[in-house]
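Below is one structure, written out as structure tokens; the observations come after it.
The values are calculated or read from the model by the stated rules, or taken from the named source; none is laboratory data. No experiment lies behind these values; they were computed from the predicted model shown. Ideal geometry is used to build each Cβ from the backbone, glycine not excepted, and the neighbour counts take in all protein chains shown.
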Amino acid sequence: MKKRTFLKGLALAGLTTPFSGNSMARLIEKAGQIPAEQLATDDDFWTAIRGDYRLKPDYINLESGYYNILPQSLLEKYLTHIREINYQGSYYMRTVQFGNKKKMAAKVAGLVGCGEDELILTRNTTESLDMIISGFPWQSGDEAIMAEQDYGSMLEMFKQVSRRYGIVNKVISVPNHPVSDEEIVNLYENAITPHTKLLMVCHMINITGQILPVRKICDMAHSKGVQVMVDGAHAVAHIEVNIPELHCDYYGASLHKWLCAPLGEGMLFVKKEHIPRIWPIFAESSQPADDIARLNHTGTMPVHTDLAISDAVDFYQSIGGAKKEARMRFLQQYWTSKVRDLPNVIVNTPKEPMRACGIANVGIRNMLPADLAQTLLQKYKIYTVAIDGANVHGCRITPNIFTTTAELDVLVTALSELNQHT
């Protein structure tokens with residue numbers, strides 16, 4: 001059976017309505033033999049996947065970067081977890097809560113390729129990385145390196161640590177269109193001195209979607225005795241991530257973004273040898289110094305959210321990491337390729353496929369990002385977010401696997417019309 005024939009057959013069979021477990025399995029199984037790059041361009045397949053989402057018809061959602069909407073199949077499982085925890089009450093909390101959380105953490109560790117004893121669940125990337133920044137064994141005069149394009153919450157924590165411990169923060173600026181990996185590596189390398197102790201780098205810059213050469217940066221930093229902390233908020237389950245292959249020391253991510261876990265789920269990786277060096281946010285005296293669990297004492301938590309992680313990982317893996325990454329990259333290149341050469345349109349994301357995936361940022365010359373975002377929403381019914389700082393002036397565009405090329409055509413039309421009226 002030809003690919004297009006069976007996909008159209010699936011749509012006609014009702015798979016553009018919310019999935020049952022069996023219908024999802026059939027869809028994925030039949031598409032399993034199609035190469036990721038080929039499947040990425042097939043709107044029929046992804047329209048069938050879209051059928052598992054309940055989307056507001058009021059606007060085109062191109063702001064999936066803040067929070068990824070749960071597909072209905074995952075939402076129903078999440079509600080089941082909530083009901084079950086509410087049913088069991090304190091019995092669950094005092095008996096199997098912690099064992100289940102370790103199982104969920106182990107499943108995420110398997111997803112990102114690290115050891116189960118090197119990863120904990122947190123609430124988000126900010127909590128994960130702020131734990132490292134605040135808990136690092138700083139001494140007065142130590143130096144830290146970061147970029148102005150890094151996430152604001154982490155930059156603020158570095159400022160607080162500077163005031164508290166007397167460390168020196170050195171801030172570089174990552175170019176929106178680097179000519180090579182070496183240009184970026186050299187920027188970080190040139191900021192290192194004998195006093196540098198920690199370097200923070202984004203795996204994927206949240207405001208532009210640029211993917212940085214993390215392994216090269218880590219290897220360079222380690223050659224100079226500097227540890228590296230990676231902000232992977234937008235990388236995990238957006239692109240395929242294997243943490244050990246990056247050679248980093250710390251890695252944080254938000255699972256409620258591209259993994260489609262419920263709000264309030266994140267992860268933190270700490271290389272085994274560094275665990276005893278980090279001070280926890282909340283005291284935990286009952287765990288050995290080298291047990292990462294001592295960094296995970298945060299009081300009573302919404303444990304039903306933890307349980308939903310397993311379902312989110314299963315959903316992601318059923319589609320396939322390579323297939324999702326290929327689709328996300330295709331969507332970004334689909335619309336950016338149509339507007340990059342327009343004289344008044346400014347794309348703040350690299351053109352080269354390996355330097356970005358689904359996220360991109362676009363501006364209009366002589367138009368404030370806030371005005372662009374408002375115009376896109378009010379005139380074209382496209383929801384985005386304005387970014388105006390750190391050498392990035394435009395709207396972040398973050399589609400999702402439920403986004404269609406027809407919706408992106410609306411964005412292209414909007415930018416083309418705004419290009420003519422600037």
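Being under 19 Å from GLY115 (Cα atoms), part of a loop (DSSP other than H, G, I, E, B) and among the hydrophobic types (A, V, I, L, M, F, W, C): is that true of ALA261 here?
When the stated conditions are applied, ALA261 does not pass them.
Considering every residue within segment 179-190, establish whether at least one is farther than 20 Å from GLY110 by Cα and among the small types (Gly, Ala, Ser).
yes
Just the residues that are within 26 Å of ILE364 (Cα to Cα) and hydroxyl-bearing (Ser, Thr, Tyr), please, taken from segment 305-341.
Hits for segment 305-341 are TYR334, THR336, SER337.
Looking at (1) out of contact with any strand residue (DSSP E or B) (no Cβ under 6 Å at 6 or more places or on another chain); (2) under 26 Å from PRO137 (Cβ atoms), can you tell me which one GLU240 breaks?
If we test GLU240 against (1) out of contact with any strand residue (DSSP E or B) (no Cβ under 6 Å at 6 or more places or on another chain); (2) under 26 Å from PRO137 (Cβ atoms), just (2) comes out false.
Name every residue in segment 231-247 that is surrounded by fewer than 24 Cβ atoms within 10 Å (Cβ to Cβ) and more than 23 Å from ILE133 (Cα to Cα), in order of residue number.
Once the filter is applied, which keeps residues that are surrounded by fewer than 24 Cβ atoms within 10 Å (Cβ to Cβ) and more than 23 Å from ILE133 (Cα to Cα), segment 231-247 yields ILE239, GLU240.
What's the number of the condition VAL228 fails, among (1) crowded, with 19+ Cβ neighbours inside 10 Å; (2) in contact with an Asp or Glu (Cβ under 6 Å, 6 or more places away or on another chain); (3) in contact (Cβ under 8 Å) with a residue 40 or more places away in the chain?
With (1) crowded, with 19+ Cβ neighbours inside 10 Å; (2) in contact with an Asp or Glu (Cβ under 6 Å, 6 or more places away or on another chain); (3) in contact (Cβ under 8 Å) with a residue 40 or more places away in the chain applied to VAL228, the lone miss is (3).
Take ALA105 and decide whether it is crowded, with 18+ Cβ neighbours inside 10 Å, in contact with a helix residue (DSSP H, G or I) (Cβ under 9 Å, 6 or more places away or on another chain), within 17 Å of ALA253 (Cβ to Cβ) and modelled with pLDDT of 95 or more.
So ALA105 passes the test.
Looking only at residues that are touching a helix residue (DSSP H, G or I) at 6+ places or on another chain (Cβ under 9 Å) and assigned to a loop (DSSP other than H, G, I, E, B) in segment 295-326, which one is farthest from LYS103 (Cα to Cα)?
Within segment 295-326, the match that is farthest from LYS103 (Cα to Cα) is GLY320.
For residues in segment 368-411 being of a type in the set (Lys, Arg) and outside any loop (DSSP other than H, G, I, E, B), which is farthest from the chain's Cα centre (by Cα)?
LYS379
Mind checking which helices (runs of 4 or more DSSP H) fall wholly inside segment 20-59 and carry at least 1 residues that are more than 20 Å from LYS77 (Cα to Cα) and modelled with pLDDT of 80 or more?
36-39, 43-50
Which one of these does ASN61 not meet: (1) out of contact with any Leu (no Cβ under 8 Å at 6 or more places or on another chain); (2) closer than 30 Å to GLY394 by Cα?
(1)
Conditions: (1) buried (at least 16 other Cβ atoms within 10 Å of the Cβ); (2) touching an Asp or Glu at 6+ places or on another chain (Cβ under 7 Å); (3) under 29 Å from HIS222 (Cβ atoms). PRO71 meets all but one. Number of the miss?
Against the list (1) buried (at least 16 other Cβ atoms within 10 Å of the Cβ); (2) touching an Asp or Glu at 6+ places or on another chain (Cβ under 7 Å); (3) under 29 Å from HIS222 (Cβ atoms), PRO71 comes up short only on (3).
Considering segment 221-258 alone, what residues qualify as being over 22 Å from THR122 (Cβ atoms) and touching a Leu at 6+ places or on another chain (Cβ under 9 Å)?
ALA221, VAL226, listed by residue number.
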